[in-house]
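For reference, the structure discussed in these notes is given below.
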Amino acid sequence: MSTAATTVARATPTRRLRAQASSWVLPALTALAIGYLLIPIFVMIVFSFNDYAGKFNFIWHGFTLNAWLHPLAWPGLGDALAISLKIAVLSTLGSTILGTLIALALTRYRFRGRGFVNGLIFLPMATPEIVLGSSLLTLFVNTALQNGVLPPGLQQLPKGSLYPLGFNTILIAHIMFNISYVVVTVRARIADFDRHLEEAAMDLGANELMTFWKVTFPLIFPGILAASLLAFSLSIDDFVITNFVSGTTNTFPIWVWGVQKNALPAQINVIGSIVFLAAVGLVGIATLRGAKIRR
């Protein structure tokens, strides 16, 4: 009896030590992980206010608002940023619409080849970007060879849509790799959707179109919004695939890569800070809207 009591007495402090350790170890590890992710962003924002000397914004010299007051002062920066924003917006719209429709089809309907399409959706996500970029470059260039005669399946495309390389080819590439991310994100939202809500709406007299717009769409909208934000971020940030299919067109990442050999202006930090703060704001809005819908 005394032996059992001694064992319990010894075990109790050990359990307390483990409980105390777990109460601060996990928060500490979480804080380290968050710090690891946010330190580069913090440095980017701080150095956007740097009054640097010369062409490279590497060493802190003092506080200034000059870069914020003249964010597009460097030659070519404004044009490259405008092209990136246009491509990001258009590719986000295209991939969100197509990806949402594909997600609905894969979740709601049974059809021949459904398993194959499921596997096909993950291929662009699993394929290295350098492989995708080189493959797309081969596709775009080959369609323009043989004296400009397109293969039979591509003869209906407008002339110049695939070659020469430029805005159109970048847009096609971005929509292609963004669709997979949209499908996966929206499909996860649809999978948690309660179909009984649709059935109740139709029992009350709503047709299929009204049921979709009044019931289905509002409930899956947080997933669609999250997917569109992800697609926009991937598009405006992409360098590897874009570098293969851009031709002479300069997007913001390509402009940064080109200019960093000779200079690294604080305007790059300003643009990055604006994009980051805008993304945080949109994610916050999406989170609040999702919480409101759940209530």
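Where a number appears in this text, it was derived from the coordinates with a stated rule and is not lab data. Small disclaimer: the values here were computed from a predicted structure and weren't measured. Counting neighbours? That spans all protein chains shown, and the Cβs are built from the backbone with ideal geometry, glycine included.
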### Query
Listed highest first by mean packing, meaning other Cβ atoms within 10 Å per residue, what order do 63-71, 123-131 come in?
63-71, 123-131
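What percent do you get for the relative contact order of the range 75-262 when only Cα pairs under 8 Å and 6+ apart count?
Averaging sequence separation for qualifying contacts and normalising by length gives 42 percent for the range 75-262.
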### Query
Which order do peptides 182-189, 263-270, 233-240 fall in by mean Cβ count within 10 Å, highest first?
182-189, 263-270, 233-240
### Message
Cβ neighbours within 10 Å, averaged per peptide: list 92-103, 214-225 in order, most packed at the top.
### Response
92-103, 214-225
### Summary
When all Cα-Cα pair distances of the range 188-295 are considered, the percent exceeding 18 Å is 65
### Message
Can you tell me what percent of all Cα-Cα pairs in the range 47-94 are more than 14 Å apart?
### Response
62
